[in-house]
Ligand code: HPA
């Protein structure tokens, strides 16, 4: 994707909205309904936006919702693009570049993930402390876009320690248990084998999923403050004697969505005061 394409998409979005969003929020499988709660809502289908793509996954709405929550201007992506859908990494991360072009400096990424850690249970929330991405190409491969960030960007604190601290105290205040762990990126679309899950756990991860890390790399390159939140929807293959399927992932996402939104709102309100 070229800089001109990013700028054109950003200009189009800008022409449709009156507020200037401060937060970008990407909502994962089964977690999209927070967007319904915004005021002064403007919805833009991904199809309408120049150079955007179409989300092909069940549970991914495929639209952008811009509005305010508690007077905080936000841009929500209800749905995202995944590498396993056949998109190139620069297509997967195109929305993040659009956010950057619109001057959005804070990013909240959420996802559904499988637990590779016996201490984590379906329905748990995990604040992402760090990620491991060994698979799929790097989204920053190719000529560097200097207007966003440097060729070799630092990845020592992509999931801001300051924001993680804030998230943990918010979780306490609303009485929601929040674990903190490492997210392992797999390209998918198949779920992992039991041997892969064992290896992933040995490498130091607590949860596994098929999104988030590419977007976070591009957001970190652009200097965004980032927070990642995983909803543990299932035990990954082999951790317990049970199959993994997308319907089960969606079901658990929907089951804990209310609690998830309570946590999200509390974090957003606190973060906006920084
Ligand atoms: N593996 C990979 N991605 C996932 C899983 C899983 O077990 N659950 C939800 N997304």
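The values are calculated or read from the model by the stated rules, or taken from the named source; none is laboratory data. As the structure is a prediction and not an experimental result, all values here were calculated from the model. Cβ: placed from backbone, ideal geometry, glycine included. Neighbour counts: every protein chain shown.
Before moving on, here are some points about what is shown:
- Residues that are in a loop (DSSP other than H, G, I, E, B) and under 18 Å from residue 117 (Cβ atoms) were ranked within the stretch 177-196; the one that is farthest from the ligand (Cβ to nearest atom) is 177.
- Candidate set: the stretch 95-106, residues that are surrounded by fewer than 24 Cβ atoms within 10 Å (Cβ to Cβ) and not in a loop (DSSP other than H, G, I, E, B); chosen: the one nearest to the ligand (Cβ to nearest atom): 106
- Within the stretch 217-237, the set of residues being farther than 24 Å from residue 157 by Cβ and either under 14 Å from the mean Cα position of the chain (by Cα) or not in a strand (DSSP E or B) (or both) comprises just one member, 236.
- Subset of the stretch 171-214 (residues that are at positive phi and surrounded by fewer than 21 Cβ atoms within 10 Å (Cβ to Cβ)): 175, 188, 204
- Scope the stretch 197-216; condition under 11 Å from the mean Cα position of the chain (by Cα) and more than 11 Å from the ligand (Cβ to nearest atom); matching residues: 213, 214, 215, 216
- Selection of the stretch 217-259 for residues being at pLDDT below 95, more than 14 Å from the ligand (Cβ to nearest atom) and under 19 Å from residue 109 (Cβ atoms) yields 257, 259.
- Residue within the stretch 254-266 that is surrounded by fewer than 24 Cβ atoms within 10 Å (Cβ to Cβ), on the phi > 0 side of the Ramachandran plot and out of contact with any strand residue (DSSP E or B) (no Cβ under 7 Å at 6 or more places or on another chain) present: no
- Candidate set from the stretch 9-36 (those that are part of a helix (DSSP H, G or I) and out of contact with any helix residue (DSSP H, G or I) (no Cβ under 7 Å at 6 or more places or on another chain)); member that is surrounded by the fewest Cβ atoms within 10 Å (Cβ to Cβ): 15
- Against the numbered list (1) within 16 Å of the ligand (Cβ to nearest atom); (2) over 19 Å from residue 24 (Cβ atoms); (3) not in a loop (DSSP other than H, G, I, E, B), residue 130 comes up short only at (1).
- Taken over the stretch 70-84, the criterion of being away from the ligand (no atom under 14 Å from the Cβ), in contact (Cβ under 8 Å) with a residue 24 or more places away in the chain and surrounded by fewer than 22 Cβ atoms within 10 Å (Cβ to Cβ) is satisfied by 70, 72, 73.
Rundown of residues vs (1) over 25 Å from residue 268 (Cα atoms); (2) in contact (Cβ under 8 Å) with a residue 40 or more places away in the chain; (3) touching a strand residue (DSSP E or B) at 6+ places or on another chain (Cβ under 7 Å), yes/no style:
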| position | (1), (2), (3) |
| --- | --- |
| 188 | yes, yes, no |
| 195 | yes, yes, no |
| 202 | yes, no, no |
| 215 | no, yes, yes |
| 220 | no, yes, yes |
| 224 | no, yes, yes |
| 233 | no, yes, yes |
| 239 | yes, yes, yes |
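- Residue 123 within 16 Å of the ligand (Cβ to nearest atom), surrounded by fewer than 21 Cβ atoms within 10 Å (Cβ to Cβ) and under 22 Å from residue 259 (Cβ atoms): yes
- Restricting the stretch 37-56 to residues that are part of a loop (DSSP other than H, G, I, E, B) and in contact (Cβ under 8 Å) with a residue 40 or more places away in the chain, the residue that is farthest from the chain's Cα centre (by Cα): 50
- Qualifying residue in the stretch 127-139 (condition: out of contact with any strand residue (DSSP E or B) (no Cβ under 9 Å at 6 or more places or on another chain) and over 28 Å from residue 233 (Cβ atoms)): no
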